[in-house]
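Okay, so here's the structure we're looking at.
The values are calculated or read from the model by the stated rules, or taken from the named source; none is laboratory data. Only a predicted model underlies this, so the values are computations on that prediction, with no experimental measurement involved. Cβ placement follows ideal geometry from the backbone for every residue including glycine, while neighbour counts extend to all protein chains displayed. Surface accessibility is based on the protein's heavy atoms, side chains included, excluding ligands, DNA and RNA. Shrake-Rupley method; radii C 1.70, N 1.55, O 1.52, S 1.80 Å.
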Amino acid sequence: MQASELIRKKRDGEELSTTEIDWLIEQYTQGTIPDYQMSAWLMAVYWRGMTTREISDLTLAMAHSGEELHVRETISPVIDKHSTGGVGDKITLVVAPLVAACGVAVGKMTGRGLGHTGGTIDKLEAIPGFRSELSRSEFMHILLKHNIVLAGQSTDLAPADGKLYALRDVTGTVESIPLIAASIMSKKLAIGCSHLLLDVKFGSGAFMKTPERARELATTMVDIGRNAHMQTTAAITSMQQPLGHAVGNALELIEAIAILQGHGPQDIADLCYHEVAELLVMTGKAADIKAATQVVKQAVHSGAGIAKLTEVVAAQGGNPHYIEQPHLFPSAPVQSLLLAPHSAYIAGIHAEQIGFISMRLGGGRFKKDEQIDTRTGLVLHAKIGDYLQAGDPLVDVHARNMTDVDAIRDDLLRCYTWSDASIRPDPLVYEIIHPWTFACDTTIL
Ligand code: URA
């Protein structure tokens with residue numbers, strides 16, 4: 001088989017066989033197929049899509065590219081939760097410790113920033129010493145001892161996704177339903193949890209711009225989960241504006257700590273509680289969402305949730321004092337306050353552009369393996385629907401130097417739209433997709 005032939009086939013819209021997909025993924029993982037050929041193939045998939053059979057084959061080939069943990073054979077129920085990516089999305093940092101604090105094990109493999117979206121591992125690595133590259137035995141040891149583990153892509157688990165993820169990030173091939181579905185679900189299958197909650201985001205800050213596209217991605221992944229006997233539910237949630245106030249790695253971690261301590265922004269706190277409640281109901285820990293929400297709130301108020309985050313950080317080599325005393329996180333050298341240019345209601349905040357601005361400040365990667373600066377980012381003082389007087393605080397810019405602030409200032413102001421009439425933000429949860437929602441057998445772009 002030749003990689004060039006498989007690129008040509010996909011470019012011309014042909015369907016690849018199971019053997020061809022297996023070969024492609026195996027050869028790329030081993031380093032026989034170079035990045036430039038894989039990039040061309042990814043771009044062909046981006047434009048031509050894949051059939052549901054091809055997506056399933058790609059997912060399985062990626063899941064089988066390394067070790068598989070079959071976690072649910074050792075501990076059950078054991079949950080996993082995954083977001084398709086957003087701006088200011090620190091939900092995993094809150095949901096995972098809360099679920100574990102409520103008595104359900106969490107075995108999570110999580111990612112780095114992708115395109116304009118942030119990644120949980122980059123955020124956790126703001127903590128000195130934190131290690132996300134865990135061997136199979138470390139993963140199981142930490143999970144069994146602490147009821148929670150937060151691992152990154154490693155060379156052991158789904159290594160094909162680790163390589164493809166980094167390549168897609170810098171080759172304009174992120175926003176593809178087949179590639180996103182295979183990337184996410186291959187990691188989930190490699191771990192083998194019993195229950196999975198997917199947070200599928202839509203809106204300006206998400207890879208899926210409309211609820212319809214998010215629904216297509218959600219049903220594709222729920223379908224893969226069902227075929228793999230993993231109880232999978234997807235929440236379709238809004239990413240019309242950044243989540244919460246903080247955008248940037250350490251800044252988001254600090255906001256997640258505040259939510260776990262019961263004093264973070266209410267909208268994102270409610271979404272986190274909702275996701276934890278869904279997981280408690282899915283795993284039979286609570287009878288319904290109302291009862292589950294009470295359990296979650298109790299875990300916040302008792303301090304059990306924040307204690308769990310501190311515990312897992314310490315278990316993975318991180319300095320737990322940073323969770324207990326977030327002022328220890330070093331600040332960016334420059335903090336500059338931008339003021340509201342109008343007296344009006346905020347009608348829109350372009351989340352994708354906010355994500356790119358955070359990258360330009362140093363919080364994301366434009367090239368593979370680029371070092372990020374975990375200190376930089378933005379803190380939004382107001383959100384959609386808030387009324388500001390001209391001159392009120394709008395955004396704090398946390399930057400490496402004044403040149404970076406000057407370079408983004410006008411673009412940042414252009415992210416905002418204003419209205420004289422009052423505006424109501426969209427609800428955060430749009431729809432829940434359960435395993436009985438079937439994806440149709442078709443080609444998915
Ligand atoms: N999250 C992932 O893990 N992979 C993607 O492709 C997008 C979001």
Quick check on my filter: what residues within segment 163-178 are within 9 Å of the ligand (Cβ to nearest atom) and of a type in the set (Gly, Ala, Ser)?
176
Tell me, please, whether a residue that is of a type in the set (Gly, Ala, Ser) and closer than 27 Å to residue 95 by Cβ can be found in segment 316-323.
yes
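Residue-wise test of (1) closer than 28 Å to residue 362 by Cβ; (2) open to solvent by less than 20 Å² (accessible area, probe 1.4 Å); (3) within 24 Å of the chain's Cα centre (by Cα).
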site: 299; (1), (2), (3): no, yes, yes
site: 304; (1), (2), (3): no, no, yes
site: 307; (1), (2), (3): no, no, yes
site: 313; (1), (2), (3): yes, yes, yes
site: 321; (1), (2), (3): yes, no, no
site: 325; (1), (2), (3): yes, no, no
site: 333; (1), (2), (3): yes, no, no
site: 336; (1), (2), (3): yes, yes, no
site: 339; (1), (2), (3): yes, no, no
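For (1) out of contact with any Pro (no Cβ under 6 Å at 6 or more places or on another chain); (2) under 24 Å from residue 134 (Cβ atoms); (3) touching a residue at least 40 places away in the same chain (Cβ under 8 Å); (4) small (Gly, Ala, Ser), each residue gets a yes or a no:
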| position | (1), (2), (3), (4) |
| --- | --- |
| 313 | no, yes, yes, no |
| 320 | yes, yes, no, no |
| 330 | yes, no, yes, no |
| 333 | yes, no, yes, no |
| 339 | yes, no, yes, no |
| 348 | yes, no, yes, yes |
| 352 | yes, no, yes, no |
| 367 | yes, no, yes, no |
| 384 | no, no, yes, no |
Taking segment 80-128, which residues are part of a strand (DSSP E or B), under 23 Å from residue 242 (Cβ atoms) and within 11 Å of the ligand (Cβ to nearest atom)?
82, 83, 110, 114, 117
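Just give me the residues in segment 259-273 being out of contact with any helix residue (DSSP H, G or I) (no Cβ under 6 Å at 6 or more places or on another chain) and either surrounded by 21 or more Cβ atoms within 10 Å (Cβ to Cβ) or in the same structural domain as residue 373 (by TED's automatic domain parsing) (or both), in sequence order.
Those that are out of contact with any helix residue (DSSP H, G or I) (no Cβ under 6 Å at 6 or more places or on another chain) and either surrounded by 21 or more Cβ atoms within 10 Å (Cβ to Cβ) or in the same structural domain as residue 373 (by TED's automatic domain parsing) (or both): 268, 271.
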With the requirement that a residue be of a type in the set (Ser, Thr, Tyr), in the same structural domain as residue 236 (by TED's automatic domain parsing) and closer than 30 Å to residue 352 by Cα, what does segment 53-95 give you?
83, 84, 92
Report yes if residue 405 is open to solvent by less than 60 Å² (accessible area, probe 1.4 Å) and in a strand (DSSP E or B), otherwise no.
no
